[in-house]
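Student: Here it is, the structure in full.
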Amino acid sequence: MFERFTREARSTVTGAVAEARQAGAPAVTQEHLLLSLLALGVLDPLGVDRTAVAADLAAARRRGGMSRADEEALAGLGIDLTEIVSRIEETHGEGVLAAPAPRKRTLGASLRSALGRAEPDGGGNRHVPFTEEAKKVLEQSLRIALGRKDHHIGALHLLLALLSRPGTVSEVLTDHGITYDTAETALPAA
């Protein structure tokens, strides 16, 4: 599948890995793919405010990844998600729900550390796997390209795949006026 990726799509994927590493995340998520698209300026022709989108993603992360729909469903049950997040942060510290899970140490890493040896790759280039949801976005981008009869997978296909999946990322994009239809008509497939 990756042989079909354009240079921009490959840059998006490698940028997502870099975003995950920078955040100390244990895996690449849909959010990292979106942050990479933002950093590459893919959404600029749509008039997207990169800072505002990143802030909205951070706010969702602070809520433990709960989408607005999740929040509304809980509110329907009389549960105030904002109050719950506030209480958790009061007890455990601000942003505790947004913190990535600690990276598991392998036996080899523990031994190297005990012997005072550095990681073989310097520690900064560790392999970062993709979450199942992020993998589904990549698979969906192929389906979208095939459905459009495009011979390649570009950044547009990745964006459309993100928009076609339910959850926080598509919700944040929609809140900023980016829908599947607007992206498909306003952005080139190349």
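The values are calculated or read from the model by the stated rules, or taken from the named source; none is laboratory data. Source: prediction; values computed, not measured. When we count neighbours, we look across all protein chains shown, and the Cβ atoms used for this are built from the backbone with ideal geometry, even at glycine. Please note that ligands, DNA and RNA were not included when accessible areas were found on the heavy atoms of the full protein model with its side chains. Shrake-Rupley method; radii C 1.70, N 1.55, O 1.52, S 1.80 Å.
Student: So, Gly124, is that one open to solvent by less than 60 Å² (accessible area, probe 1.4 Å) and modelled with pLDDT of 65 or more or not?
Tutor: Here the answer is no, as Gly124 does not meet what is asked.
Student: Right, something else. Using beta carbons and a limit of 8 Å, which pairs, at least six apart or on different chains, have the first residue in the range 167-183 and under 15 Å from Val137 (Cβ atoms) and free of Cβ contacts under 8 Å to residues at least 40 places away in the same chain and the second one open to solvent by less than 10 Å² (accessible area, probe 1.4 Å) and not in a helix (DSSP H, G or I)?
Tutor: No pair meets every condition.
Student: Restricting to the range 147-166, count the residues that are without any contact (Cβ under 8 Å) to a residue 40 or more places away in the chain, assigned to a loop (DSSP other than H, G, I, E, B) and open to solvent by less than 50 Å² (accessible area, probe 1.4 Å).
Tutor: The number of residues fulfilling the criteria is 1.
Student: Can you run down the residue pairs with Cβ atoms below 8 Å, 6 or more apart or on separate chains, where the first is in the range 126-146 and within 15 Å of Ala9 (Cβ to Cβ) and the partner is open to solvent by 40 Å² or more (accessible area, probe 1.4 Å) and of a type in the set (Phe, Trp, Tyr)?
Tutor: Leu138/Phe130
Student: So, in the range 169-190, exactly how many residues are β-branched (Val, Ile, Thr) and either open to solvent by 20 Å² or more (accessible area, probe 1.4 Å) or on the phi > 0 side of the Ramachandran plot (or both)?
Tutor: 4
Student: Okay, next question. If Gly15 meets every condition in (1) out of contact with any Phe, Trp or Tyr (no Cβ under 6 Å at 6 or more places or on another chain); (2) modelled with pLDDT of 95 or more; (3) under 15 Å from Glu133 (Cα atoms) apart from one, which number is that one?
Tutor: With (1) out of contact with any Phe, Trp or Tyr (no Cβ under 6 Å at 6 or more places or on another chain); (2) modelled with pLDDT of 95 or more; (3) under 15 Å from Glu133 (Cα atoms) applied to Gly15, the lone miss is (3).
Student: Return yes or no: is Thr182 under 17 Å from Val53 (Cα atoms), under 20 Å from the mean Cα position of the chain (by Cα), part of a helix (DSSP H, G or I) and polar (S, T, N, Q)?
Tutor: no
Student: What single numbered condition from (1) in a helix (DSSP H, G or I); (2) open to solvent by 50 Å² or more (accessible area, probe 1.4 Å) fails to hold for Ala16?
Tutor: The single condition Ala16 does not satisfy is (2).
Student: Being of a type outside the set (A, V, I, L, M), at pLDDT 75 or above and out of contact with any helix residue (DSSP H, G or I) (no Cβ under 6 Å at 6 or more places or on another chain) narrows it down to one residue among Arg62, Arg103; which is it?
Tutor: Arg62
Student: Return the residue satisfying two criteria in turn: it lies in the range 28-47 and is open to solvent by 20 Å² or more (accessible area, probe 1.4 Å) and touching a residue at least 40 places away in the same chain (Cβ under 8 Å), and of such residues it is nearest to the chain's Cα centre (by Cα).
Tutor: Glu31
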